[in-house]
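The values are calculated or read from the model by the stated rules, or taken from the named source; none is laboratory data. Bear in mind the structure is a predicted one, so any value in this text is a computation, not a measurement. For neighbour counting, all protein chains shown are included, and Cβ atoms are generated from backbone atoms with ideal geometry for every residue, glycine included. Only protein heavy atoms, including side chains, enter the accessible area calculation; ligands, DNA and RNA are left aside. Shrake-Rupley method; radii C 1.70, N 1.55, O 1.52, S 1.80 Å.
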Amino acid sequence: MSRQHRSGVSRALNIFGPFIGLVLVIAVAAILPVEAFSSVFERLWAPDADYTSFILSIKPKGPASFFLVAIGIVLVAAVTEELLFRGFIQRIFQRNMRGPRAVVLAGILFSLSHFNPPVIPGVAALGIVFGYLFYRT
């Protein structure tokens, strides 16, 4: 598919850019160290009863339920978050300030949107990595 014939959405999001494979590898590779980083902070806070009950309420109770929860968490939530934070919020910041500052600010807002203090540092780091990848590509 040539660059001139791509649809508006894929062109706007640059989904089929030349570095998509490298971006995906870096994004996946960033998840494990950030998860380890978050686990350090999670040990500092006692589990919140409301958060624990929410997690248990969405726990899959069979193969069909597992599939629906996985689709919701992996596809819908992740894609929606990326469109909102990288595609919308970070772009607004980039119009009004230098790129690195926009990336960091969008990453911090991304982490605060998860409403869970123990994971804020790790999610901020992951948001900054994802924002940097978006900014550079």
Checklist entry - Somewhere in the range 38-51, is a residue at pLDDT 75 or above and either more than 19 Å from the chain's Cα centre (by Cα) or on the phi < 0 side of the Ramachandran plot (or both)? => result yes
Checklist outcome for this item: Given the conditions (1) hydrophobic (A, V, I, L, M, F, W, C); (2) open to solvent by less than 80 Å² (accessible area, probe 1.4 Å); (3) farther than 25 Å from G21 by Cβ; (4) modelled with pLDDT of 90 or more, every one holds for I128 apart from (3)
Next on the checklist: open to solvent by 90 Å² or more (accessible area, probe 1.4 Å), modelled with pLDDT of 80 or more and under 17 Å from the mean Cα position of the chain (by Cα): which single residue out of R86, R98, R136 fits that description?
Outcome noted: R136
Checklist entry - Does L105 satisfy being under 15 Å from the mean Cα position of the chain (by Cα), surrounded by 14 or more Cβ atoms within 10 Å (Cβ to Cβ) and farther than 22 Å from V28 by Cβ? => result yes
Checklist entry - Any residue at all in the range 97-105 that is among the hydrophobic types (A, V, I, L, M, F, W, C) and in contact (Cβ under 8 Å) with a residue 40 or more places away in the chain? => result no
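Every residue, every condition in (1) more than 18 Å from F115 (Cβ to Cβ); (2) under 20 Å from the mean Cα position of the chain (by Cα), yes or no:
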position	(1), (2)
A36	yes, yes
S53	no, no
S57	no, no
V69	yes, yes
G72	no, yes
